[in-house]
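Report on the structure given below.
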Amino acid sequence: MNVTIIPAAGRGKRMASPTSKQFLILAGKPVLAHTLAAFEEAKLVDSVIVVGKAKDIEFCKNRIVKKFGFKKIIGYVIGGRRRQDSVANALMALPPETKTVIVHDAARPLVTPELIDKAIKEAKHWPALTVGLPVKNTIKRITTDELVEYTLDRPRLWTIQTPQVFKADVLMHAHRVAKTDKLWGTDDTMLVEKTGKPVRVILGSEENIKITTPIDMLIAEAIIAKRKKGK
């Protein structure tokens, strides 16, 4: 059984909006609705668990899941203080028959069903897998007083996206280790790395952007318009 966890408990301070970014209206419907629609259409996704703030759960159920007719949602979990805590909470709600866990940011609404299915297929023989893109810009490490310390080797640098796909036991073990050792990671593959397991990286999509700042909403609107025109 392939179960997707969608962490949607973040606030998104950089949006400078009183509305959480996953509930902002994008091309006529909430950002989260776009995200869930992609997983609803993905052939290899069996079920979805949504993680949100306690005060947002009813909104998710009634104004998004029921309104747009999503059928794969099997549970709602209250999130934690950090994204890592939210995913850990959702892992406790996985059905016993879960073999594969997919984790995807609620604020990446332009992921396609095709990319989701590709990631799940490619992850079949790996403990963990993530999608990403090679870095285009030169990346420099700087000191605390904003002086260049050194330039990183660009050909070996990738920006990491979601979805990320894991063997269920691998991800659960990584979170247990993180809790015991008080480790923190900005994504779940980072926790798996700390256990010594390999993480495969495959090519993602330039359109699979994360809604972080107001300009990202404008870019997302343009991408959706382009897709509609293409159809």
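Every number here is computed from the coordinates shown, using simple stated rules; none is lab data. This is a predicted model, so every value here is computed, not measured. Note that we place each Cβ from the backbone using ideal geometry, even for glycine, and neighbour counts take in every protein chain shown.
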Mean residue ellipticity at 222 nm from the helices of the chain, using -39,500 (n - 2.57) per DSSP H segment of n ≥ 4 over the full residue count, to the nearest 500 deg cm²/dmol? -9000 deg cm²/dmol
Just to check I understand the Karplus step: with θ = phi - 60° and J = 6.51 cos²θ - 1.76 cosθ + 1.60, what whole-Hz values come out for region 87-95, glycine and proline as x? 5, 4, 4, 5, 4, 6, 9, 5, x
Residues with amide H under 5 Å of THR159's amide H, sequence separation 5 or more or different chain, H placed in the peptide plane at 1.01 Å from N; which? LEU133, VAL135
Given backbone amide H placed at 1.01 Å from N, residues whose amide H is under 5 Å from that of VAL77, ignoring those fewer than 5 places away on the same chain, are VAL50, VAL51, GLY52
Using the Karplus curve 6.51 cos²θ - 1.76 cosθ + 1.60 with θ = phi - 60°, work out ³J(HN,Hα) for each residue of region 185-201 in order, rounded to whole Hz, and write x for Gly and Pro. x, 7, 8, 6, 5, 4, 5, 5, 3, 5, 8, x, 7, x, 10, 7, 10
Starting from the Cα of TRP158, step 7 Å along the direction of its Cβ; do the same at LEU203; then give the gap between the two resulting points in nm. 1.2 nm
Any idea how far apart LYS179 and GLU41 come out in nm if each label point goes 7 Å out from Cα toward Cβ? 3.7 nm
Of the listed peptides 189-202, 31-44, what is their order by residue-averaged count of other C-beta atoms within 10 Å, with the highest listed first? 31-44, 189-202
Over the Cα atoms of region 83-231, what radius of gyration and what Dmax do you get, in Å? 17.2, 52
Just the number: Rg to Rh for region 40-89, Cα atoms, Kirkwood Rh, two decimals. 1.00
